[in-house]
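This report refers to the structure that appears directly beneath it.
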Amino acid sequence: MAFNNSVILNKPVNPVISFSAKSQAMTDDAYETWRKYIYDNTGIYFQDNKKYLLESRLQKRINFLKLKSFEEYFNLIKFKGNLNDELKYLYEVITINETFFFRNQPQFDALISKILPEVIKTKSSIDKKIRIWSAASSSGEEAYTIALMFNDLIKPKFPGIELEVVGTDINHAVIKTARRGIYKDYSIRNTSPYFLKKYFAKTAAGYEIDPKIKSMVKFKELNLNNSIAMRSMNNFDVIFCANVLIYFDKQSKMRTVQHLYNSLKPNGYLFIGYAETLHGISKAFKIVSFPKTIGYKKG
Ligand SMILES: C[S@@+](CC[C@H](N)C(=O)[O-])C[C@H]1O[C@@H](n2cnc3c(N)ncnc32)[C@H](O)[C@@H]1O
């Protein structure tokens, strides 16, 4: 640990010296300490060339809290982070939450035209519910896309079948947005006029998702790097875990993918991001090709 212990006690060595965190650059030692802490807690690995990014993101929070240094903020997180919710704000500033409705259309097409009809064949009069997990859901666009496509394209053909979508993310702010279900133009830019008209109400605050679709999706905070929380996620027919593994190193990718495997029912499917691969990460899945995309099937 490279930081001065006096800061742990919140007492500067010399109280007369005051300095603004704005003028401080993050030292290499401080960067090492921060990225190890973030990695150990979230699986997110900041590469050597991402120091400036982490520095500027932490700086925002440091300024907001009127703290004096990266060291002071680190000690606040390390010793009180769980007590005062500050850890949640740390996760808020270090995560990238880019997402939008219908982001990876070929995956949703594969889900609707191939996978769900296959899953429905295995359903019975006592088990009529399909369970889908949008892991690292960000503000919910992926989870709601699945729900509205199901409602539009599957439900009329199989009225007895129910769908439950669970959306989870480490960032409490995006989960709040997801639960609210109101979106700006950016989020709906890939949404067809048909779906927009049928499933969204234009309000002064933005495009509000239809209450029926909203009721099909539940959101909660969950850290993919938390093994205990991950073990509580079971019996999913399909999991979407897209555009998050890209922020992890190989070890945390392997650990997360193993948990996702365990969370799937036999023959369940995993979808990851367009630019991501399980090559070198897991051999447990069978690769299944669909038009313009692939899925990973639990054997
Ligand atoms: C780029 S968004 C992807 C959203 C959506 N899956 C998509 O593909 O459009 C990545 C999300 O992963 C979340 N995330 C990062 N690390 C995480 C972790 N350890 N556990 C859970 N979510 C995490 C971030 O908060 C962010 O919302």
If the requirement is being within 30 Å of THR191 (Cα to Cα) and more than 16 Å from the ligand (Cβ to nearest atom), which of these qualifies: ILE112, ILE96, ILE62? ILE112
Number of the condition not met by GLU142 [criteria: (1) more than 10 Å from the ligand (Cβ to nearest atom); (2) buried (at least 16 other Cβ atoms within 10 Å of the Cβ); (3) of a type in the set (Asp, Glu)]: (1)
Matching residues in the range 269-299 - criterion: being surrounded by 16 or more Cβ atoms within 10 Å (Cβ to Cβ) and among the polar types (S, T, N, Q): SER282, THR293
Pair list, Cβ under 7 Å, 6 or more apart: the range 116-131 residue closer than 14 Å to VAL238 by Cα, other residue in a helix (DSSP H, G or I): LEU116/ILE154; ILE130/LEU116; ILE130/VAL119
Among the residues in the range 184-193, are any in the same structural domain as SER282 (by TED's automatic domain parsing), of a type in the set (Asp, Glu) and in contact with a helix residue (DSSP H, G or I) (Cβ under 7 Å, 6 or more places away or on another chain)? no
Find the helices (runs of 4 or more DSSP H) located wholly in the range 66-146 whose residues include 1 or more that are over 25 Å from ILE170 (Cβ atoms) and of a type in the set (S, T, N, Q), and list them. 105-110
Residue check: is ASN151 within 15 Å of the ligand (Cβ to nearest atom) and not acidic (Asp, Glu)? no
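The values are calculated or read from the model by the stated rules, or taken from the named source; none is laboratory data. This is a predicted model, so every value here is computed, not measured. When we count neighbours, we look across all protein chains shown, and the Cβ atoms used for this are built from the backbone with ideal geometry, even at glycine.
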